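First comes the structure, then the notes that go with it.
Each reported figure results from applying straightforward, stated rules to the coordinates on display, with no laboratory input. Keep in mind that what you see is a predicted model, and the values were worked out from it rather than measured. Note: ideal-geometry Cβ built from the backbone for every residue, glycine included; neighbour counts use all protein chains shown.
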Amino acid sequence: MSVPAIELKGITKKFGNIIANEDVCLNVQRGEILAILGENGSGKTTLMNMISGIYFPDEGHIFIDGREVMIRSPKDAFKYKIGMIHQHFKLIDIFTATENVILGIDDGEKYNIKKATKTVRDITERYGFSIDPDKKIYDMSVSEKQTVEIIKVLYRGADILILDEPTAVLTPQETGKLFNVLRKMKEDGKSIIIITHKLHEVLAISDRVSVLRKGKYIGTVNTAETNESELTEMMVGKKVSLNIDRPDPNPVDRVIVENLNCTDFMGRKVLDDISFTARGGEILGIAGIAGSGQRELLESISGLQKLDSGRITYIDPETGENVNLRDKTPTEIRNLGVRLSFVPEDRLGMGLVGNMDIVDNMMLRSYRKGRTVFLNRKDPRLLAEDIIESLEVVTPNANTPVRRLSGGNVQKVLVGREIASNPKVLMAAYPVRGLDINSSYMIYNLLTKQKLNGVAVIFVGEDLDVLIELCDRIMVLNSGRVTGMLDGRTAKKEEIGLLMTKTDYGREEQNDG
């Protein structure tokens, strides 16, 4: 085998008493796509941050083309032609694509926007990107913004590219385009490292897969010689069932949403004549590219978003009474006896208080008589410990401040608390975002248990394969409008993707399928 483009030997990184990476050894060849897999807290991002100069290893050696190098900063990483595309974009909205690409470059030459624009166009043509160099960032879709981030590192001459969860918010069509671009880069001799949780994408795009578990290197396998079950077992250390159980629904109307309209503070319409029914004993999935109105829709049902017009009717399962939730505050909704649980997209901004420990965060939610899917406890400490054990939350103890937990473990605490409140309607926005595959399937099974208990579950997700496998019906949103309502058992991923990007909004498609 030829000399690797980049090789890690014995890499160790500690944060106090916590070992993030321990004696990790792996390599990436020229013209290769390597996928990095591992559960939450396995050390994937820490390892990549050491390659890209954000962290410096405590022990070990990094080699570029067989020569040992010291990478002490992102500037050093660029010197060795390494570029990282982070999950959260670092772009300035009021600048154009080209202006963002050249921002911060000090090559000793005079600023020349025309020359830079030509170079950006050359890069887009070479690899098959679809981007207008003169377009402002605030006018771009998520995939266009990601394209700008990739072009930024290519413009700086990167030969080794690291992509962190690159398909998290892309439609299937956009993911396909990105993979075509990555394959062209590979043919051009680039070395590409991808961090992702989506095993089917790993199998589709990578040449080899390296697995980390609890900070340690487990092994590397050739993608053509492995499968999802084997990779999951390497990640988790035990066999995990990758099947989502979807029992037949026994639907009963619970929430009827009629003609919702809502504008934001800028006067833009974020919900445009939305109508649908959420049924108890059923999981209703909501698909849509980021910013299509998913958040505003869930917040309006929760009483957190003021509406311009429309009606939200809750049908009480005990009395059969119809209650209008429109314009009521969350407290008023609770006083009516309506149990709405909401796992928001912004888990620390809206869901939990970072400086409070897990026990205190349990007490923020009125869990009434302690009825939970876990155990029938009244003490919030016992509830916290129950959730920690049931969902395998990695934490020193229940008194640990939430902000000290990893993102995936924060999500488990939030989802566990909301389900423990014994809701009649459970709205979950991206409940498995950032979770490893084992934890994700744990959450899917909990949502299915809620469905079997007669709860109306509204699930906003970004993985279309999961939406199709988990949900009974799938409602597609695009720019604040419903563009389709599909049967989860017969829906096709490509069909959902087209509805997510559709420009011709047919009113006849707004039905309950």
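Please state the relative contact order of the chain as a whole percent: Cα pairs under 8 Å, 6+ residues apart? If you can, show how the numbers build up before the last one.
Numbers: 1060 pairs, mean separation 77.1, N = 513.
Contact order relative to length: 15 percent.
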Task: Highest-first arrangement of 389-398, 313-322, 31-40, where packing means the average Cβ count within 10 Å - done: 31-40, 389-398, 313-322
TODO: Excluding residues fewer than 8 places away in the same chain, name every one of the lysines whose C-alpha is closer than 24 Å to that of Lys269.
DONE: Lys135, Lys136, Lys145, Lys306, Lys328, Lys502
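If the viscosity is 1.002 mPa s and the temperature 20 °C, what translational diffusion coefficient in µm²/s does Stokes-Einstein give for the chain when Rh comes from Kirkwood over Cα pairs? Provide the component values of the computation, followed by the final result.
Values: Rh = 24.5 Å.
Answer from the Stokes-Einstein relation: 88 µm²/s.
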Open item on the list: Longer than 27 Å from Cα to Cα, which of Lys90/Lys118; Lys14/Lys75; Lys198/Lys424 are they? Say none if no pair is.
Closed with: Lys198/Lys424
- [ ] Amide H neighbours of Gln87 under 5 Å, at least 5 residues apart or on other chains, H built in the peptide plane: list them.
- [x] Asp164
Task: Nearest-ten-degree value, helix 113-127 long axis tilted from longest Cα axis of the chain - done: 80
Open item on the list: Among Gly291, Leu260, Gly281, whose Cα projects farthest towards the positive end of the dipole of the range 232-316, with charges put on the beta-carbon of Lys, Arg (+1) and Asp, Glu (-1)?
Closed with: Gly291
TODO: Fewest Cβ neighbours within 10 Å first, please rank Val359, Val255 accordingly.
DONE: Val359, Val255
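What list do you get for Met427, Met140, Met84 if you sort them by fewest beta carbons within 10 Å?
Details: Met427 26, Met140 20, Met84 23.
Listed from fewest to most nearby Cβ atoms, that is Met140, Met84, Met427.
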TODO: Could you give the size of the charge dipole of the range 6-236 about its Cα centre, using +1 on the Cβ of each K and R and -1 on the Cβ of each D and E, expressed in debye and rounded to the nearest 20?
DONE: 520
Task: Theoretical ellipticity at 222 nm over the chain - DSSP helices of four or more residues, -39500 (n - 2.57) apiece, nearest 500 - done: -9000 deg cm²/dmol
